Amino acid sequence: MPRNTAKHSSLPQNNSPLSSLESSFFDSLDELASWEKRIHEKSFELDELKKPTEKLAHYTRARQQGTSEDVKLLVCHDLKGGYQTNEDDDPLGYFPHPDGQHYFLQYPQLVDKFVYFSHHRISIPPVSWINVCHRNGIKCLGTVIFEGNTYRDFEEADKLLTRQDAEFVFVRCLVALAKYFQFDGYLFNIETRFSNTRIASLLEPFLEQLRAELHVRNSSTELIWYDSYIYPENRVLYKNGVTEANHNFFSCCDSFFTNYWWNVKHLQDNIKNVGVLGSRLKVYVGYDVWGRGTMIGKGGYDSALACQMIKKYRSNVALFAPAWTYEYLGRKDFAQNDTRFWTGLFDGESSMATTFKPYSSPLYKINDSNFVFYTNFGSGEGRGFYERGEKVYHDNWVNGSLQMEIPFNIHKRNKNGIQWTLSKEDSFHGGSCVEIKYNEVVDDNGYQVFNNQTINSFSLFSFVQDCSFPTINVKLTYKLNHKTKSFFKLKIGYYIERRYRTVQKVRSGCLVIPLFSTNDQWFTTEEPFHVSLQNSHEFIVLDSATLFYEETEDPFMRAHVVEDQSASSVIDNEEYEKLMNSEIYFDDEDEDWILVPSDISMESTDNGGREGHTWRVISSPIRKKHPKAHASTSPVLKLGELAIINANDYPSETFFRILPVNSVDVRRWEGKILLVWKTNQDSVLYHIIFVDDVFQGISLVPKFVFEDRAVDEKSSKTQPGSAMKVRIDTVNRLGVLVKGTDMYI
């Protein structure tokens, strides 16, 4: 494979006896064997920092409007040789960071598999990549690579096939490694040869045993073969597709990653040799985004054209080094350049999204029938860190494990109407929020104009998820700077399918949550809504979350359900009522009676069953609100977090329950301090650590390492030799903050 070279660095704690790893990777098989022996002799405190908290099996997503012609995308990530400081090498992230920017997958909705690639013998994916991949329903794999043309290189390759008691030693080691650090398999890249064909003949049974053992451990793991080595010739020969020469390795692995120097004939031969089904299920045609040796296009933005051609011949795509948009084009305009590569900056522009349909937003499965969706719109970086809207850290930072779901079209732009961006100037939790403005179009008389060219909606998220329970809860935290002539509204869409003999969509609806001015303060509203089913053959499917800006006042002025264009219920919310009725936000100038259709259930009374009563009067007056519009500025809405919950035991005190951290174990060594505490880890999103009331960092596991006397003596009340005050706050998977108690160490 092409080589991207640069210096790497390892964690300072890696040399301590508390870690089983001497570095973040292995440069030889002997290092791997020594590691496998060590982990059976004792436990290592710091290893937990490199183990993901997100498990792939906990997340589900679906291809939107998927068809049999859809192809999959594998991303093979190579950034400057891997394991870069200020990128992904430190599992605790970087607090501070030089500029608060790092490379990350902006569009994980398009990706199926992710391989962390480097030229070390065995690459373990950094924990931040495993976490973000699993959170997005993406498999995350490491790499095993053998290169070189010296006898020493051949001997190292021979060692791979060492057997003991009729079993391959390094099958056991590699399976143990994937299990220990909880990643999803390996890309195997043999770009050397073995000492002789007798030894080389063991490679196929080795791969078959490795594949079988990986699957026994976890059926979702994969073994991917790279098209470089052939046997029985026992040499490197790139075939650029599946041929008779490499079909043996195609057969004994889960997927086949072809070399990059293919042409149309190679694509045709893939179908000829393994059939359409074989190509669609197992073949990933490689394409180097740096354009080294490519026959179709010159890499870069031409990658989109190559992917379209690969799809035409029913193969999947393995994209090598798409961090080209960051490494080659530069960090300054990364968001724009990367967006052009993945989705295009304007309609009709060729991009990755031309070939690959996005997946729906991932949902966290509590069990087979309960799920939640939660995002705080974090990208794993920021210019400050926020805890419930309070800025507790005032410097740049990066921690890829904190990347959450972001709207797919966040970087698309339009001229009229709603404008949106991912803002790092404010946040509720983490380092960013979605900021939405409306650029009003007015006529000569100053009246607001809505027309077909005005964009008045923004698709936040798409879903394809059955709801096992008829009540769906929605939690939204937002801030709105002032009242407007029109209204921002959040709409959570759903539809009803009748599944009896055939599947038929019978009706659709949405929960409408009008958003009122919060005087530019963060406000959290939580709304449950109930969907009625007519029989046991009907099923509720969660469909979308969309933000609207509409010209008319909401007739209900509170959350309500609309089904097939008709309101079906209005939801009472005491906190929302306080916000609506506050004199800060509204003038109560007049009161009006309103009429509503009799088939709208707004309260428990009915129309007495008398025929001919098409309308009825609600027995109490409803205030007509007139928000004051600020003519000088456009309304600015900020979204801090969004959660959607469908679970039989929500809300309850035990749902994602976390107790305050009130005790901690302390270990000191070599000028460092290790904090260890207990918590209900399955409910935790992350922990925030303070020492002497000064922010120290984030940890996803109940352990944290920092320098002894890490707090600046000038800014701290702590005197040398005195006790330090520690507080550990916890944010759960629904964004609920649980403050820890002050502890002295």
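Give me Cys510, Cys252, Cys133 ranked fewest to most by other Cβ atoms within 10 Å of their Cβ, as a rough exposure proxy. Numbers along the way, then the final one.
Working: Cys510 22, Cys252 19, Cys133 28.
In order of increasing Cβ crowding within 10 Å: Cys252, Cys510, Cys133.
Subtracting the Cα-Cα distance from 0.36 nm times the residue separation, let me have the gained length for Tyr151 to Leu277 in nm, one decimal.
On the way: separation 126, 0.36 × 126 = 45.36 nm, distance 4.06 nm.
Once the chain is fully extended between Tyr151 and Leu277, it gains 41.3 nm.
Using 0.36 nm times the number of residues separating Lys298 and Ser220, minus their current alpha carbon distance, what extension gain do you get? Numbers along the way, then the final one.
Details: separation 78, 0.36 × 78 = 28.08 nm, distance 3.45 nm.
Here the segment from Lys298 to Ser220 would lengthen by 24.6 nm.
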Rough spin-label spacing in nm, given labels placed 7 Å along Cα→Cβ, for Asp70 and Val541: 1.2
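Just to verify a number: FRET efficiency for Asn439 and Glu349, C-beta to C-beta distance, R0 = 35 Å, to 0.05? Mind dumping the intermediate values first?
Working: r = 23 Å, r/R0 = 0.66.
Taking R0 as 35 Å, the efficiency between Asn439 and Glu349 is 0.95.
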For region 17-355, with +1 on Lys and Arg beta carbons and -1 on Asp and Glu, the positive-most of Thr221, Gly344, Leu46 along the dipole: Gly344
Hypothetical label at Val676: residues of region 16-57 whose amide nitrogen lies under 11 Å (7 Å Cα-Cβ projection): 18, 43-48
Cut-off 13 Å, label 7 Å out along Cα→Cβ of Asp564, residues of region 486-510 by amide N: 496-498, 505-509
Label point distance in nm, His40-Val666, each placed 7 Å from Cα along Cα→Cβ: 3.8
Extension gain, Asp395 back to Asn416 (0.36 nm per residue minus Cα-Cα distance, nm): 4.1 nm
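Calculate the FRET efficiency for Ser722 and Arg172 from the Cβ-Cβ distance with a Förster distance of 56 Å, rounded to the nearest 0.05.
Numbers: r = 50 Å, r/R0 = 0.89.
Computed FRET efficiency for Ser722 and Arg172: 0.65.
Taking Cα pairs under 8 Å and at least six residues apart, what relative contact order does region 17-355 come out at, in percent?
16
Every read-out reported here was derived from the displayed coordinates using simple, explicitly stated rules and does not represent laboratory data. From a predicted model like this one, the values you see are computed outputs, not experimental measurements. Please note: Cβ atoms are built from the backbone with ideal geometry, for glycine as well, and neighbour counts cover all protein chains shown.
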